[in-house]
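Below you'll find the structure, written out as structure tokens, and then a few comments.
The values are calculated or read from the model by the stated rules, or taken from the named source; none is laboratory data. Since the model is a prediction, treat every value here as computed from it, not as a measurement. As a convention, Cβ positions derive from the backbone with ideal geometry for all residues, glycine included, and neighbour counts pool all protein chains shown.
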Amino acid sequence: MRWWKVMGLAAFVGVAATGAVVVRAERRRRAYTAEQIRDRLRQRLVEASPADAPPPT
């Protein structure tokens, strides 16, 4: 019966760790300004576009 307690504790620790990772990623994502996000999206679009396609306006 004791191993059930260990499994429950391990599950609790796993859920808590996952929550911490999600919160950290959300904080990092929200730290960008709107202009930084636009610049990053434009850069990704240029990188994803074929070389012979005209640049986006």
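Kindly list the number of the only condition in (1) surrounded by 10 or more Cβ atoms within 10 Å (Cβ to Cβ); (2) modelled with pLDDT under 90; (3) aromatic (Phe, Trp, Tyr) that fails for PHE12. Only one criterion in (1) surrounded by 10 or more Cβ atoms within 10 Å (Cβ to Cβ); (2) modelled with pLDDT under 90; (3) aromatic (Phe, Trp, Tyr) is unmet by PHE12, namely (2). The C-beta contact set for segment 40-53 (first residue under 29 Å from ARG29 (Cβ atoms), second residue loosely packed, with under 10 Cβ neighbours inside 10 Å and at pLDDT below 90, distance under 8 angstrom, 6+ apart or interchain) comprises ARG42/PRO56; LEU45/PRO56; VAL46/PRO55; VAL46/PRO56; SER49/PRO55; SER49/PRO56.
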